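These notes are about the structure you will find just below.
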Amino acid sequence: MHTNLVLGTTVAAAAIGYFFKPKKPKTELEVNSVPIPTVPSYLPLQVDSLLKYIFSVYAEKDEFEYLRHLSAQYGNTLNFRGFNEDLIIVLDPSSIQHILAKNQPNYEKGAEFQAIFHDFLGNGIFNADGETWKIQRHLARPHFQTSEFRDAALINRHVDELLKVIDKHLASNPEKPIEVQSLFCRFTLDEATEFLFGEAANALQDEDNDFATAFNYTQAITGWRFRVPLWRYVVPTRRFLKEIKKLDDFVYRIVDKGIAREEARTREQEKNPSDDEHGGKGGHENLLDHFLSQRQEYGFDREYLRDMLLNFLLAGRDTTASLLTFTVWELSKHPHVLEKLKREVAEVVASGTAPSYDDIKKLKYQKQVINEVLRLYPPVPYNTRHSVEEDVLPNGYYIPPNTTVAYGAYSTHRLVDLWGDDALEFDPDRWGPERVGKIKPFMFVPFHAGPRICLGQNLAYTTAQVTLTRLLQKYDIKASPGFKPELMADIVLFSRNGVEAVLVKQDLSEI
Ligand code: HEM
């Protein structure tokens with residue numbers, strides 16, 4: 001009885017203290033700026049707001065609809081509180097520019113983000129701030145600047161495999177829709193692992209591939225930890241850690257082989273210094289060899305290399321798969337765009353040959369189509385940063401210190417006040433020479449912007465263009481009757497039920 005009384009009094013005192021704690025005095029910056037509209041809630045911990053969000057996701061089968069309602073009601077800068085934490089959402093281009101570029105040092109990934117991603121990504125580039133981030137970016141950048149021809153050849157090799165898998169499907173089920181999302185995920189896993197590790201995971205050949213399963217599972221759980229912060233504390237981690245161990249075994253095997261290769265190369269160079277084919281840096285076949293060539297100078301260990309490789313894999317693999325998936329989806333619904341694309345491919349690329357890098361540069365309408373897909377389906381739909389100090393956005397709104405600020409490419413790319421009344425329509429002509437001038441900087445941010453802009457942007461365009469060209473050379477794309485994707489706001493934009501299309505064999509030279 002006595003214990004209950006003490007406990008009850010303590011809890012009551014804590015609750016009173018929590019709800020009526022004295023407010024901090026406002027700073028001068030806060031007094032002179034505008035408070036951000038907050039989505040009202042009436043229950044402790046804002047449970048009612050969170051439940052409304054969950055119901056909306058189930059009712060609309062689209063995780064983005066709720067935010068669209070909120071921004072229509074409260075504007076393009078709003079505060080969505082949950083569990084007594086602010087989540088400031090900014091959608092207007094000048095605020096995005098401020099956070100990602102102009103005042104970027106004030107907006108870090110932050111300790112909470114890093115803790116959520118640490119089991120999976122360690123201290124790799126995607127999960128690092130400050131000097132740790134800067135060094136990795138500096139080390140990696142040259143590999144992404146010197147690689148166009150090498151990349152096109154590598155991509156083409158994996159497209160050969162992709163086409164074989166599609167042909168096999170068509171041979172046994174000629175009319176049956178094909179689920180392209182999982183297919184593209186397997187394809188980009190193979191392409192990315194070869195680009196990064198020098199060794200493909202072979203997920204296209206083997207649907208139940210261990211590495212692919214472990215990677216998908218680990219990424220999905222990390223996505224839940226990101227969206228539901230309590231997840232980390234309440235959901236058991238046994239399977240999660242087991243799958244991470246599988247990833248580690250795969251990556252460490254490749255890293256160890258790479259280290260042995262590098263050591264042999266170094267010994268060889270010491271014997272014959274004139275034989276250094278790469279001049280020490282740059283021009284390597286894969287990112288691991290590129291990093292290894294700088295190992296002596298920077299003293300990386302196995303763990304550092306493991307983190308770097310898995311971070312690049314996370315950054316590059318599903319994002320490109322998402323882009324290809326929604327490209328096929330939109331083309332299946334827009335036959336007139338598809339026809340125009342096919343004519344361009346037939347004119348530019350010699351019949352029966354794979355596109356060269358020069359061909360790719362001439363496929364201008366294709367690039368417009370890809371940009372339009374990136375606008376409506378940015379593969380990283382939402383992203384967060386953490387404010388270090390208090391700040392004021394260009395529109396006058398106050399950002400407290402130590403607060404999560406989210407920007408949503410998905411929503412910004414669909415705002416009617418920026419893109420016009422047809423904002424939700426798929427229209428690649430908006431990227432044509434007459435209209436492209438209306439698209440101002442920071443209205444379109446699929447690859448992020450500022451100092452942390454995506455390093456793999458060119459590789460992503462080349463992969464999408466080579467793959468799309470070769471698909472169009474071989475198949476017509478038709479809609480799968482009655483199919484509709486259910487969009488999901490995960491780390492990467494995907495459809496919960498996959499994406500279906502009907503592929504029909506054709507010969508482009510006969511068009
Ligand atoms: C359509 C494909 C892609 C899209 C839409 C995309 C988008 C993005 C975005 C939005 C970020 C910012 C993430 C953040 O800071 O929170 C990012 C960063 C990054 N991306 Fe990509 N990405 C794509 C493909 C690739 C590829 C193919 C690679 C390389 C293999 C790559 C490598 C990276 C890296 C290393 C970063 C971290 C940069 C840094 O923090 O300095 N990305 N990407």
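Computed over the range 312-379, the convex hull of the alpha-carbon atoms projects to a mean area of 5.2 nm².
Please compute the per residue accessible area over the chain with all protein chains in place, 1.4 Å probe, rounded to a whole number of Å².
Details: 24440 Å² over 511 residues.
Here the per-residue accessible area is 48 Å².
Residues whose amide H falls under 5 Å from that of Phe494, counting only those 5 or more places apart or on a different chain, are Met488, with hydrogens built in the peptide plane. With the full set of protein chains in place, find how many percent of the accessible area of the chain is carbon and sulfur; take the probe as 1.4 Å. Reported share for carbon and sulfur atoms: 56 percent.
Taking only the Cα atoms of the range 410-500, the radius of gyration and Dmax are 15.8, 44 Å.
State the Cα centre-to-centre distance between the range 224-270 and the range 168-204 in whole Å. Spelled out, the Cα-based centre of one part sits 23 Å from the other. Annotation: the antiparallel percentage among DSSP beta bridges lying fully within the range 29-510 is about 80.
Taking amide H positions as modeled 1.01 Å from N, with prolines and chain starts lacking one, the residues under 5 Å from Tyr475 and 5 or more places away or on another chain are Gln506.
Between Thr27 and Ala153, full extension at 0.36 nm per residue minus the direct alpha carbon distance yields a gain of 39.6 nm. Basic side chains Lys and Arg get +1 at the Cβ, acidic Asp and Glu get -1 at the Cβ, and with that the dipole of the range 220-369 about its Cα centre reaches some 980 debye. Listed by chain and number, the aspartates and glutamates whose alpha-carbon sits under 19 Å from that of Lys134, ignoring those within fewer than 8 places in the same chain, are Glu108, Glu297, Asp301, Glu303, Asp307.
Taking only the Cα atoms of the range 120-239, the ratio Rg/Rh comes out at 1.05, with Rh defined as the Kirkwood radius.
Extents of the range 263-378, taken as max minus min of Cα coordinates on every principal axis and listed largest first, are 61, 32, 19 Å.
The lysines within cross-link reach of Lys61, meaning a Cα-to-Cα straight distance under 27 Å and a gap of 8 or more places when in the same chain, are Lys52, Lys176, Lys333, Lys478, Lys484. Per residue, the chain reaches -17500 deg cm²/dmol at 222 nm when only DSSP H runs of four or more residues are counted, each adding -39500 (n - 2.57).
When the chain is described by a simple charge dipole with +1 on each Lys and Arg Cβ and -1 on each Asp and Glu Cβ, the residue from Phe187, Leu170, Ser480 located farthest towards its positive end is Ser480. Using a Debye calculation, one point per C-alpha and no hydration shell, please list log10 I(q)/I(0) for the chain at q = 0.06 Å⁻¹ in order. At q = 0.06 Å⁻¹ the computed log10 ratios are -0.32. Dipole magnitude for the chain: about 840 debye, using +1 per Lys or Arg Cβ and -1 per Asp or Glu Cβ, origin at the Cα centre.
The values are calculated or read from the model by the stated rules, or taken from the named source; none is laboratory data. This is a predicted model, so every value here is computed, not measured. Note that we place each Cβ from the backbone using ideal geometry, even for glycine, and neighbour counts take in every protein chain shown. When the accessible area is computed, the model is the full protein with side chains, heavy atoms only, and any ligands, DNA or RNA have been set aside. Shrake-Rupley method; radii C 1.70, N 1.55, O 1.52, S 1.80 Å.
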